[in-house]
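Student: This structure is in structure tokens; I'll ask about it shortly.
Taken together, the values in this text are just the output of simple stated rules run on the coordinates, not laboratory data. Not measured: the values here are computed from a predicted model. Note that we place each Cβ from the backbone using ideal geometry, even for glycine, and neighbour counts take in every protein chain shown.
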Amino acid sequence: MRSLPRMLRQNMKMASIYHILMKEENLAVWSATQEAYSDFILEVDARQVSGPVGEYGLIFRKEAGYKYYQFIVSGNGYYKINKSLKKGAEGLENIKDWTVSTHIKSGKEINRLKVIAHGSQIIVFVNDEYLSTVTDSSFVKGGVGICIGTWDEPNVHVHFDNFKVSPIG
């Protein structure tokens, strides 16, 4: 997974809609704030506007390098929670493997993604519907942001809107 340009990371709180078009296959990118959060509610409206099925979502508690958590959904109704320990796909470790959910909208519909991170608990929602709670204490504080990935085909295009982080406590 690669980082998006610094300018996008610095403006995460100011822009209205972020467009990310991934023109390479089997690749993921992210953009995260420099500001670190420990306990928070993180939300975004996201939708895949074109291209083959891909993945998109939120990264959080991003530390230096490639250490972070990731909550992603796919255009075919699945979600996953990962943690990244080092660069590349081999650095990703599943906390919750791909799981189907009828609450995830497919196609070009908007999905409201939400993460509540409090202590070692990570609670994820889509479209205001609870999906899962996991416990992991690898990362306690870090940046928050958005991510997108392609699989076997390029040109996955995702819009992110209404990005919001609210500290807890």
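Student: What is the sum of charges, Lys and Arg at +1 and Asp and Glu at -1, for the other residues whose Cβ falls under 13 Å from the Cβ of ASP136?
Tutor: +3
Student: A follow-up question, please. Where Rh is the Kirkwood radius over the Cα pairs of the chain, the temperature 10 °C and the viscosity 1.306 mPa s, what D in µm²/s does Stokes-Einstein return?
Tutor: Estimated via Stokes-Einstein, D reaches 102 µm²/s.
Student: Taking the square root of 5 times each eigenvalue of the Cα gyration tensor, what semi-axes in Å does the equivalent ellipsoid of segment 63-148 have, largest first?
Tutor: Ellipsoid semi-axes (Å, largest first): 22, 15, 12.
Student: Find, among the trypsin sites (Lys or Arg not before Pro) in segment 94-169, those assigned to loop by DSSP (not H, G, I, E, B) with at most 15 other beta-carbon atoms within 10 angstrom.
Tutor: Listed in order of number, the matching sites are LYS108, LYS141.
Student: To continue, here is another question. Taking N as the number of residues in segment 26-112, what is its alpha-carbon radius of gyration divided by 2.2 N^0.38 Å?
Tutor: 1.10
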